[in-house]
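I have placed the structure first, in the form of structure tokens, so that the comments after it can refer back to it.
Readers should treat all values here as calculations from the given coordinates under stated rules, not as data from a laboratory. Note that the structure is predicted; figures quoted are calculated from it, not measured. Ideal geometry is used to build each Cβ from the backbone, glycine not excepted, and the neighbour counts take in all protein chains shown.
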């Protein structure tokens, strides 16, 4: 019988890895955000428009990536909560069998 096998330490380690990944991404975004601001090559309309467009795309990239960082953190929290909940269910089940 294979049954269900659950290793809470491994699950909690995975949650910590997700949180660390979110931290690394957030740090990288913070470090590189300024580089995504593109100065105009000249004062003509095309150069100004191109720089504005590229800067807007860079700003959007940082914003959207920030949402991804938030989602990684939410996922890590859910994984941690599931590990704790599963452990509590196992404890409750063991108590129930003991009380039979």
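Okay, here's what the table says:
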item	result
Among the candidates 14, 35, residue that is exposed (fewer than 10 other Cβ atoms within 10 Å of the Cβ) and in contact with a helix residue (DSSP H, G or I) (Cβ under 9 Å, 6 or more places away or on another chain)	35
Where a residue in region 6-17 is in contact (Cβ under 8 Å) with a residue 24 or more places away in the chain and its partner, wherever it lies, is in a helix (DSSP H, G or I) and surrounded by 13 or more Cβ atoms within 10 Å (Cβ to Cβ), with Cβ under 6 Å and at least six apart	6/86; 8/83; 8/87; 11/83; 12/83; 15/76; 15/79; 15/80
Residue match in region 45-54 (condition: surrounded by 13 or more Cβ atoms within 10 Å (Cβ to Cβ), under 22 Å from the mean Cα position of the chain (by Cα) and either farther than 30 Å from residue 90 by Cα or touching a residue at least 12 places away in the same chain (Cβ under 8 Å) (or both))	no
Pairs with Cβ under 6 Å, 6+ apart, first in region 25-40 and touching a residue at least 40 places away in the same chain (Cβ under 8 Å), second surrounded by 11 or more Cβ atoms within 10 Å (Cβ to Cβ) and in a helix (DSSP H, G or I)	25/69; 26/69; 29/62; 29/65
Residues of region 17-35 satisfying the condition of being under 11 Å from the mean Cα position of the chain (by Cα) and over 21 Å from residue 57 (Cβ atoms)	17, 18, 19, 20, 21, 22, 23, 24
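Yes/no matrix, rows are residues, columns are (1) over 17 Å from residue 6 (Cα atoms); (2) touching a residue at least 24 places away in the same chain (Cβ under 8 Å); (3) in contact with a helix residue (DSSP H, G or I) (Cβ under 6 Å, 6 or more places away or on another chain); (4) part of a helix (DSSP H, G or I):
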| position | (1), (2), (3), (4) |
| --- | --- |
| 57 | yes, no, no, yes |
| 63 | yes, no, no, yes |
| 66 | yes, yes, no, yes |
| 69 | yes, yes, yes, yes |
| 72 | yes, yes, yes, yes |
| 82 | no, yes, no, yes |
| 86 | no, yes, no, yes |
| 92 | no, no, no, yes |
| 95 | yes, no, no, yes |
